[in-house]
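Down below is the structure, laid out as structure tokens.
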Amino acid sequence: MTPKWRELADKLAAQIKGGEYAPGQQLPQIRELVAAGEGSKSTVHAAYKALEAEGLVTSSRGHGTVVRQQVPLKRLGIARYDKAKWRDGDEVAFIADRVASGRSYRRNEQTQRVSLVTAPPAVAVAHGLPEGAEVYARARLVKEGDQPTHSLTSYYRPEHVEGTRLVDPTPGPAGRGGGFRVLYDAGYEIDHMKEELFARAPTADEVKLLQLPPGEPVVELHRTTYTASGTVVEFAIGVHAASRFAWEYDFKVPDSAKGEEGQ
């Protein structure tokens, strides 16, 4: 005999997949389903836990149980950094991903916290700074609706960004064109980048911040941004909910043999 909680979980799963509950929509409170005769408090709780384990919903204190976005966002590769997007327009990187995915966005879906901190070891190495040096940390949390998708903290040398919008803690991108436009206006035009990716288990704080379901890994990104002369103007660490992104790269395939033939 199928347990009552399993029957309820299957019923709700069918409603979610059938579009009765839209991505980002909160499911009824447990007490509401109990009052509607769907089962006891423990039955509804078990059903919601089953939906969470199946990746259909996320549950967190203060947010309730919310339907997850089932189609992951495109997380563009080099195309998200196209200079025409941020230098000549206002399409910062997270917005470029939304546009490419055909998804809506609001600028205030990116919040930020700016502070002067002692450079963590990886940051000091990337910037070529001595141990104990201070850097500006610009920590952002990006959401799609009410659901967090990723966090990103950029670290800058004070002499590169002091007095600019990059150290203004106002929520949202750092003005028109975002951070890369600020660096461009300050005389530090970005030229090339290095990105490193690896998957890992989230910390307890990341589970809470990103509202992750049990067992979901995160993808950590390390991005080093250079000027044409090789100066590092940003080192960023991003933490992405693994199921909420599909990573996409489009690039010209190199042929190093051609370079050797021409020598």
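Remarks
- The structure-derived value of volume of the Cα convex hull per residue in Å³ appears in the list [x] 181; [y] 117; [z] 170 under the label [z].
- Surface accessible to a 1.4 Å probe, per residue, for the residues of the chain, Å²: 52 Å²
- Residue with peak Gaussian network fluctuation, the chain [Cα springs, cutoff 10 Å], from Ala124, Ala84, Ala35: Ala35
- You can think of it this way: the chain between Ser40 and Met1 has 12.3 nm of extra reach, that is 0.36 nm per residue less the Cα-Cα gap.
- Normalised contact order of the chain, rounded percent, pairs of Cα under 8 Å and 6 or more residues apart: 18 percent
- Shown is the FRET efficiency for Glu162 and Thr118, computed with R0 = 22 Å from the Cβ-Cβ distance and rounded to the nearest 0.05: 0.85.
- Relative contact order of the range 178-222: 39 percent, from C-alpha pairs under 8 Å at least 6 residues apart in sequence.
- Note on the range 1-20 and the range 117-189: Cα centroid distance 44 Å, given to the nearest whole angstrom.
- About the Cα centre, charge dipole magnitude for the chain (Lys/Arg +1, Asp/Glu -1 at Cβ), debye: 880 debye
- Averaging the sequence gap over all C-alpha pairs within less than 8 Å and six or more residues apart, then dividing by the number of residues, gives the range 4-67 a relative contact order of 43 percent.
- Extents of the range 4-67, largest first, come to 26, 25, 20 Å (Cα atoms, principal axes, whole angstrom).
- Candidate cross-link partners of Lys41 among the lysines, defined by an alpha-carbon separation under 20 Å and a same-chain spacing of 8 or more, comprise Lys4, Lys11, Lys49.
- Label-reachable residues, the range 88-124, where backbone N falls under 17 Å from a point 7 Å from Val71's Cα toward its Cβ: 96-105
- Nonpolar atom fraction for the range 1-118, defined as the carbon and sulfur part of the 1.4 Å probe accessible area, stands at 52 percent.
- Considering only Gln29, Gly145, Leu129, the residue lying farthest towards the positive end of the dipole of the chain is Gln29, judged by Cα position with unit charges set on Cβ.
- Between the range 35-72 and the range 222-257, the Cα center-to-center distance that results, in Å: 36 Å
- Taking the helices alone, the chain has a mean residue ellipticity at 222 nm of -7500 deg cm²/dmol, built from -39,500 (n - 2.57) per DSSP H run of at least 4 residues and averaged over all its residues.
The values are calculated or read from the model by the stated rules, or taken from the named source; none is laboratory data. Predicted, not measured: the structure shown is a model, and the values here were computed from it. Counting neighbours? That spans all protein chains shown, and the Cβs are built from the backbone with ideal geometry, glycine included. Calculation scope for accessible area: heavy atoms of the full protein, side chains included, ligands and nucleic acids excluded. Shrake-Rupley method; radii C 1.70, N 1.55, O 1.52, S 1.80 Å.
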